[in-house]
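Here the structure comes first, spelled out in structure tokens, and everything after it is commentary.
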Amino acid sequence: MVSDVHGNTGALAKAGEGADALICLGDLVLFLDYADHSRGIFPDLFGVENADLIVELRTARRFDEARDLGRRLWAELGIDRADAIESAVRGQYAEMFAAFPAPTYATYGNVDIPHLWPEYARPGTTVLDGDRVELGGLVFGFVGGGLRTPMRTPYEISDEEYAAKVEALGEVDVLCSHIPPDVPELTYDTVARRFERGSRALLDAIHRIRPRYALFGHVHQPLARRMRVGATECVNVGHFAATGRPWSLEW
């Protein structure tokens, strides 16, 4: 299990060694590395000093100012924003999808661009979102993307649309998502010092269907990496970009 790969292609190529399958819970794209502001699409386009500034604004939750800075930088650059971002993302996807072992089961993160995935997913990589698959006698359900936030990342959807995908899964043994259920200990990032958005629909499903596991990522430095909610073991499988270490599920 990996999540929040954010461009760590080298470690991704080794993540499935010795495993029957690799499961990836999204966020392949690296737009801006909050630990190293020289890495990602943003500093490649606008330089490290501007990356430092936009991280400072976002960390202070000054999102309107961050958006104003972004609009000014794009205007000064004088190129189409959507085309430039898509071109950079395509380059990252080409490398990362090539690194996936077979079989891989993957869903989208909030910074991913779903419509590009079919172009890069090779045989042996199965993309699931609101879908389920049986692995080793257990039923895994997958819900990709994130909920809407002031960050306005590429794959954020409404609470209603997200809840419909959770509902469509039915009963599963392992509930896999990019974002966590809406539990404070699981959604609070201790470095960013803020709560990320978790899903009430995921939490309701945990109480209702009682899966063995609920597995997710999204929160890079969580207050609690794992905790039990009723009969379900909830596990943040890790900020793979930083650690390079997959989390193993055995049964």
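Figures for the structure shown
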| quantity | calculated |
| --- | --- |
| Loop trypsin sites (Lys or Arg not before Pro), the range 60-110, which have at most 15 other Cβ atoms in a 10 Å radius of their Cβ (DSSP) | R61, R62 |
| Top positive-direction residue, dipole computed over the chain with Cβ charges, set L175, F42, H115 | L175 |
| Ordering of 123-131, 17-25 by packing [mean C-beta count within 10 Å, highest first] | 17-25, 123-131 |
| Anisotropy class of the range 47-196 from Cα gyration tensor, a/c 1.5 cut | oblate |
| Helical mean residue ellipticity (222 nm; -39500 (n - 2.57) per DSSP H run of 4+; nearest 500) of the chain | -10000 deg cm²/dmol |
| Residue among F46, F216, F240 with the largest mean-square fluctuation in a Gaussian network model of the chain, springs linking Cα atoms under 10 Å | F46 |
| Alpha-carbon centroid distance for the pair the range 76-96 / the range 175-251, whole angstrom | 30 |
| Extension gain from E49 to D80, taking 0.36 nm per residue of separation minus the Cα-Cα distance | 9.0 nm |
| Residue-span extension gain [M151 to R61] - 0.36 nm each, minus C-alpha spacing | 31.5 nm |
| Proximal charge balance of G244 [Cβ under 15 Å; K/R count +1, D/E count -1] | -2 |
| Most fluctuating residue given options H218, H37, H178, as computed from a GNM of the chain linking Cα atoms under 10 Å | H37 |
| Integer Hz, Karplus 6.51/-1.76/1.60 couplings in order for the range 133-138, x for Gly and Pro | 8, 9, 10, x, x, 10 |
| Fully extended contour minus Cα-Cα distance, from R245 to V229, at 0.36 nm per residue | 3.3 nm |
| Per DSSP, loop GluC sites (Glu not before Pro) in the range 86-129 with at most 14 further Cβ within 10 Å | none |
| Spin-label model distance (nm) - L138 vs E17, 7 Å beyond Cα toward Cβ | 2.4 |
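No lab work stands behind these numbers, since they all come straight from the coordinates. If you're wondering where the values come from, they're calculated on a predicted model, not measured in any experiment. Note that we place each Cβ from the backbone using ideal geometry, even for glycine, and neighbour counts take in every protein chain shown.
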